[in-house]
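*Asks:* Before I ask anything, let me first share the structure, which is written out below as structure tokens.
What follows draws every value from the coordinates through simple rules; no lab data is involved. The model shown is predicted, which means the values in this text are computed figures rather than measured ones.
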Amino acid sequence: MEPEWSSGSLRVPAPPPLGANAGTVFQMDDGPQGLQTSRNEQDGKRGRGHRSVQSPNHTGSVMAKIKIKTNRAAAKRFRKTASGKFKCGHAFKSHILTKKSTKRKRNLRGQNHVRAEDAGRVARMVPYL
């Protein structure tokens, strides 16, 4: 039995003796893939998807490229076509449809593209579409 020491009325067990395992640092399992991730990458709040692309700079060392944030409101409203144009929805077709003529509602069903003057601004808001 291990010797115990008392501190007033509390009886606290003695610390383990120093032996062959003294000072041994135990490593935790890295998981099934063996990847080490920081705490910021593990929780979903900070560091989400921040794997930067590596590119060499003029000195030969490696720098991380800056990732541009996508405007989430714009990403929900625009889609890119195969030709590189941006599709978007029509205005005035979601409610109060009874007073609009059938022809007007039928024409709102067709595709709507972003005008060339605005395409640059949309492309800046959704760089990875």
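*Asks:* So which of LYS69/LYS100; LYS76/LYS105; LYS67/LYS87; LYS65/LYS87 end up more than 27 Å apart, counting from Cα to Cα? Could the numbers behind the result be given before it?
*Replies:* Details: LYS69/LYS100 39 Å; LYS76/LYS105 23 Å; LYS67/LYS87 24 Å; LYS65/LYS87 29 Å.
Listed pairs above 27 Å: LYS69/LYS100; LYS65/LYS87.
*Asks:* Under 5 Å between amide H atoms, partner at least 5 residues away or on a different chain: which partners does ASN112 have, H built in plane at 1.01 Å?
*Replies:* Under 5 Å from the amide H of ASN112: CYS88.
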